Amino acid sequence: MLTVVVVHNGIHELELMFQPTEAATYTFVPTGPGFPERLAAGLANADALLVPNGSDHVAMLDAKDVVREFLDAGKAVLCFDGWFTAWIPCNHWQMDNSRRTIEVRYQIGTAPHNLLDGVNIDELIFNHGISGWWACGYITPAANADVLLTDTWGRAMVVLDEATTPGRMILTSSGPLADFSYDGNNAHAIARLFRNFLAYLSQSKANHEERSIAV
């Protein structure tokens, strides 16, 4: 089971989107004065840091050294929000609303670790028949990072970076992800993709523990 720390800056009912399951338990760390110290304490025994849609990226910039130390220790960071400050190593997000949302379509890029298994990409493209709802920008990925999903113009929407640090970064271009979709249907693509990410991190944790025991 994964222990996940979730950054919380007062988003209404955020706790409902990240409830304990057999895959993961969640601890919420509030932003505000003293945030970097609280985050460091919360991450001391955690497997992953999760930065949800709508997060405070000014606070995250203040805590960038904490994040980097966590990654250097081989842990995971999941960011499901467009980060407009430079707290994520070597991957950059750019807001862009210059393209017509009616033209937005997503395509599968690479798919390591079966991360897109069972994910209906059309559910990320369309919401009540409206396209372009899931991201309001794009990612310039780090060298050697995997681009899981691209948009109509070939820009990165979902990135897995296993190369920049000893840890792992899973990044989406503003697209919200959680245990459950907003209509309560946990078979929706956003829920399935999130569960795939958790399964991958759980397996990575198990492999690391097996290697540690062998040594």
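Bear in mind these aren't lab numbers, they're just calculated from the coordinates by the rules spelled out. Since this is a predicted model, take the numbers as computed values, not measurements. When we count neighbours, we look across all protein chains shown, and the Cβ atoms used for this are built from the backbone with ideal geometry, even at glycine.
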Sequence order, segment 160-172: Karplus ³J(HN,Hα) from phi using 6.51 cos²θ - 1.76 cosθ + 1.60, θ = phi - 60°, Hz rounded, Gly and Pro as x, gives 10, 10, 9, 10, 5, 10, x, x, 10, 10, 10, 10, 10
Applied in sequence order to segment 134-149, the curve 6.51 cos²θ - 1.76 cosθ + 1.60 (Karplus, θ = phi - 60°) yields integer Hz couplings, x standing for Gly and Pro, of 8, 8, 10, x, 8, 10, 9, x, 5, 4, 6, 6, 8, 9, 7, 9
Here, trypsin sites (Lys or Arg not before Pro) of segment 24-99 satisfying both criteria (DSSP loop; at most 15 other Cβ within 10 Å) are Arg99
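Arrange Glu37, Glu13 by Cβ neighbour counts within 10 Å, fewest through most, would you?
Numbers: Glu37 11, Glu13 6.
With the sparsest Cβ surroundings first, the list reads Glu13, Glu37.
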Give the long-range amide H neighbours of Leu149: residues separated by 5 or more places, or on another chain, with amide H under 5 Å away, using H modelled in the peptide plane at 1.01 Å from N.
Gly109, Met157, Val158
(i) 20; (ii) 33; (iii) 23, with the label sought being that of the calculated percent of Cα pairs over 28 Å apart
(iii)
What list do you get for Thr27, Thr172 if you sort them by fewest beta carbons within 10 Å?
Thr27, Thr172
Built amide H within the under 5 Å cut-off of Val6, gap 5+
Thr27, Phe28, Val29, Leu50
Rounded to a whole number, the Stokes-Einstein D of segment 77-165 in µm²/s (Kirkwood radius over Cα pairs; 25 °C; 0.890 mPa s) is 179
Once phi is turned into ³J(HN,Hα) by the Karplus curve 6.51 cos²θ - 1.76 cosθ + 1.60 with θ = phi - 60°, what whole-Hz value does each residue of segment 14-31 show in order, with x for glycine and proline?
4, 4, 5, 7, 9, 9, x, 9, 5, 8, 7, 10, 10, 10, 9, 10, x, 7
